[in-house]
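Accompanying notes for the structure given below.
The values are calculated or read from the model by the stated rules, or taken from the named source; none is laboratory data. All of these numbers come straight from a predicted model, not from anything done at the bench. When we count neighbours, we look across all protein chains shown, and the Cβ atoms used for this are built from the backbone with ideal geometry, even at glycine. Please note that ligands, DNA and RNA were not included when accessible areas were found on the heavy atoms of the full protein model with its side chains. Shrake-Rupley method; radii C 1.70, N 1.55, O 1.52, S 1.80 Å.
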Amino acid sequence: MLGWSAQAMAQQLNEPQATISTPDAPVPENEDEIGFAADALIYDSNTEIVTASGNVQLLREGNRLRAEKVVWNRNTGQVVAQGNVSVTDPEGNIAYGDRFDVTDTLKDGAVDNMLLVLQSGGRLAAKSGERVNGVYTMHKAAYTGCSVEDSEGCPKNPTWQINAVKVTYDPNKQRVTYNRATVEIFGLPLIPLPGLSHPVGEGGGTGLLVPNIRYDRTNGLEVALPYYFKLAPNRDLTVTPHVYSDTLPMVESTFRHLWDRGAYQITGYVTHGRRVGIGETLPGGTTSTANSEKDLRGYLDASGGLQLTPEWSVSGSIRVATDRTFLRRYDISRDDRLRSTVGVQRIGTDSYFSLAGWAVQTLRAGDPQGQTPIALPVMDYRLRMTDPVLGGRVQLQANTLAITRTHGQDTQRAFAAFEWNLRKLTDMGQEVSFTTYLRGDVYHSTGNLLTSVESYRGDPGWKARGIAAAAIDVRWPFIGEAFGGVQRITPRIQIVAAPHLANLSVPNEDARAVDLEDSNLFALNRFAGYDRFEDSTRITYGLEYGLTLPDFSLESIIGQSYRLDNRESILPDGTGLSDRMSDIVGRTTVRFKDFVSLTHRFRLDKDNLAVRRNEVDATIGSRKTYVMVGYLRLNRDIDPSLEDLRDREELRLGARIQFARFWSVFGSTVVDLTDEKEDPLSSADGYEPVRNRLGIAYEDDCLTLGLTWRRDYQTTGDARKGNSFQLRLAFRNIGI
């Protein structure tokens, strides 16, 4: 069956079609007429037989027939077409054959040695077939979504095909149904699939999708068999039972709905199993006992958005799990926190408004849920305008934030801000930027002693704060030809003036993770959020360099800052900003064609040039064969009590090698290199693998096949370390 099907498909496609030299058949005025065009016509009035030859075209009710010769019996309504015949139905499906027997409506008929090319993708070849009321029925047939020609136009066997004694295709349902089907991959028959049925193209009808097979140490052998329900053109539902050899089954379902103003999606998992919890730290330092009883376990992930007008939109998401280890136990996600959000926003030409709220569920071991914030409401409004007096741009901002914790500090904040920016170019080519920033804050907090880090608490009750800052930033680029390209050398200097602020009297909720790096070297405030503002008068200087060649580019920056006042800094030791003279930071980015991409970031200690931050991200190779390297080392000698600034050393490696046209091997590893030098609280020995992955894959225009091995080295509750294997199989033009 395989040889005949492949040859039939290729021969039919490669068979030369008649060149249409006559005009296209005219569109008939009503359904009782036939649009007609041909090179020659013979009409026998006695027998009522019309014989047309030479590039014949017939058109009726959206059905178009093309052939070298057509004989039409007007008495019986029979139409016999011969020679390179093709019939195109109103849906765009094209049937090819040597001889067609059809009715004069061109809707129904039969053909031998038939090839059907589906408009939605895929082909059906058969010994014989017919079409009745728009439904195709084919005998001794084969279906494939693959090409049957190679790059040089020669026939080739498809990568996969489905053979069957009988095949039915309904264009209205976009569904193919088989009788006694067998799937073949690379010419090798797999297990028979009696009663197989599947949608074709995108947005096909209801039916089974490609199963997923996986094995891991925790759950054993897993078989997931998704079933797709086409509820409407804009709504669908996929239900996936997950059956395991070593634990109870789980059900996954995904509902999607798209309409003219937005869309939403709801995904849920549910099972009944034993929880092996990891506990959490309760107020007072005690640890909760892990629940090991059987209970309902699951996860909900929903998101959506609605575009009310071109400016106004609403969006939201829900992510919540029944326990801390469910997602890892069933390999759904590696996230350690789940965030749910809701918000409405308006984006105008010169204004922005957002009203939002969010809540977080922690999945971290020992992390108290009661200390996790709930933010509602979070409001932000910004208005930009042109300064009519001095020129430049003015931005006005109003912002409010209310944070609530079930067993922690509660904080409310509101502020109004004014920012003015002006950019000028001098006659000598310097780019000078002026900035003025004014802000007034009001805070209210309770339960401050429940925050463990003293510098984050602030004083309880009502507090007010005023902020003022001004800055001048000068860049002087020198550009010229060098090395066959363009070279840019740009010295840069910035002066920022800000008076002393009572920073520690207000809570710190959003500016805890601060670190000097190239991205904030010339920032007006080098804290990430609003709750802390760098109250110092300082000068920052640096040098930018760029080189652009036809196939090569290099961008680099290096810089440092010096604080002019001698008052004590609120920035913690180890951030590179606590002393008057800051550490030295820089970044270099190198690109060579599309073959090499490398970014290196660093921070050097100002006193002994010790490397406090060393980060490398590199990709070498093409899209088919490449190596990726990621390395991060943070050795800042920072206070270990500041969890937001813990030091770490990590290595990430990934590679893919294509060893044949469609075959490749791939792998990756993540290694924790942290030891006591980086983190005094770490118990790691300096080489702790986190995850290894290795696999082999085949991918062409119609088939994706892969086998992946993964080993996890960390146990979290009932998500145990160990090996897992996954088989991935996806067919083009089958399913959705």
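With kT/(6 pi eta Rh) evaluated at 10 °C and eta = 1.306 mPa s, and Rh the Kirkwood radius from Cα pairs, the chain diffuses with a coefficient of 49 µm²/s according to Stokes-Einstein. In percent, rounded to a whole number, the relative contact order of segment 464-622 is 17, using alpha-carbon pairs under 8 Å and six or more apart.
Across every direction, the projection of the convex hull enclosing the Cα atoms of segment 116-157 has a mean area of 3.5 nm². Here is the list for segment 233-270: trypsin sites (Lys or Arg not before Pro) lying in DSSP coil, each with at most 14 other C-beta atoms within 10 angstrom of its C-beta, are R261.
Calculated FRET efficiency, R423 to S519, Cβ-Cβ distance, R0 = 30 Å: about 0.90 to the nearest 0.05. Between segment 361-379 and segment 475-494, what is the separation of their alpha carbon centroids in Å? First find each Cα centre; the distance between them is then 48 Å. Across segment 555-563, computed HN-Hα scalar couplings (Karplus, 6.51 cos²θ - 1.76 cosθ + 1.60, θ = phi - 60°) run 10, 8, 8, 9, x, 7, 10, 9, 8 Hz from first to last residue, x flagging Gly and Pro. Seen against the Cα atoms of the chain and their longest principal axis, helix 2-14 is set at about 90 degrees. Along the chain, counting only GluC sites (Glu not before Pro) with a DSSP assignment other than H, G, I, E or B and at most 10 other Cβ atoms inside a 10 Å radius, the longest segment between sites is 294-567. When only the Cβ of Lys, Arg, Asp and Glu is charged (+1, +1, -1, -1), the dipole of the chain relative to its Cα centre reaches about 1000 debye. Taken over the alpha carbons of segment 433-531 as equal point scatterers, the Debye sum produces base-10 log I(q)/I(0) values at 0.19, 0.21, 0.24 Å⁻¹ of -1.01, -1.14, -1.28. Within the assembled protein chains, the solvent-accessible surface assigned to T451 is about 20 Å², based on a 1.4 Å probe. Partner lysines whose Cα lies under 18 Å from the Cα of K624, excluding those fewer than 8 positions away in the same chain, are identified as K593. Averaging 1/r over each pair of different alpha-carbon atoms in segment 135-206 and inverting the result gives 13.0 Å, the Kirkwood hydrodynamic radius.
For T182, the shell of other residues with beta-carbons less than 14 Å away shows a net charge of +2, using +1 for Lys and Arg and -1 for Asp and Glu.
Rolling a 1.4 Å probe across all protein chains gives M250 an accessible area of roughly 0 Å².
Computed from backbone phi with θ = phi - 60° and the Karplus coefficients 6.51, -1.76 and 1.60, the 3J(HN,Hα) list for segment 420-437 is 10, 10, 9, 10, 10, 10, 7, 5, 8, x, 6, 9, 10, 10, 10, 9, 10, 9 Hz; x is used for glycine and proline. Rg/Rh for segment 188-247 (Cα atoms only, Rh after Kirkwood) is 1.07.
Relative to the Cα centre, the charge distribution of segment 342-457, modelled as +1 at Lys and Arg Cβ and -1 at Asp and Glu Cβ, gives a dipole magnitude of about 160 debye.
For segment 304-320, putting each phi into the Karplus relation 6.51 cos²θ - 1.76 cosθ + 1.60 with θ = phi - 60° gives couplings of x, x, 9, 8, 6, 9, x, 9, 9, 8, 10, 9, x, 7, 10, 9, 8 Hz, in residue order, rounded to whole numbers and with x for Gly and Pro.
What the Cα convex hull of segment 42-165 gives, in volume per residue, is 108 Å³.
Here the average projected area of the convex hull drawn through the C-alpha atoms of segment 55-106 stands at 3.1 nm².
Under 28 Å of direct C-alpha separation, and excluding same-chain neighbours fewer than eight residues apart, K127 reaches these lysines: K69, K107, K140, K156, K166, K173. Distance distribution note for segment 295-362: the fraction of Cα pairs above 13 angstrom is 69%. Measuring from a point 7 Å past the Cα of I266 along Cα-to-C-beta, which residues in segment 221-237 have an amide N at less than 20 Å? The answer is 227-237, whose backbone nitrogens lie closer than 20 Å to the label point. Near T537, the amide H atoms lying under 5 Å from its own belong to A498, L564, D565; only residues 5 or more places off or on other chains count, and H is placed 1.01 Å from N. Just need log10 I(q)/I(0) for segment 532-625 at q = 0.13, 0.17, 0.19, 0.20 Å⁻¹, Debye formula, equal scatterers on the alpha-carbon atoms, no solvent, rounded to two decimals. Per q value, in the given order, log10 I(q)/I(0) is -0.58, -0.81, -0.92, -0.97. Computed from the Cβ-Cβ distance with R0 of 51 Å, the FRET efficiency linking V690 to V27 stands at 0.15. Compactness of segment 153-258 is given as radius of gyration and Dmax, 16.6, 52 Å, from Cα positions. Segment 361-496 gives an Rg/Rh value of 1.18, both radii derived from C-alpha positions and Rh following Kirkwood.
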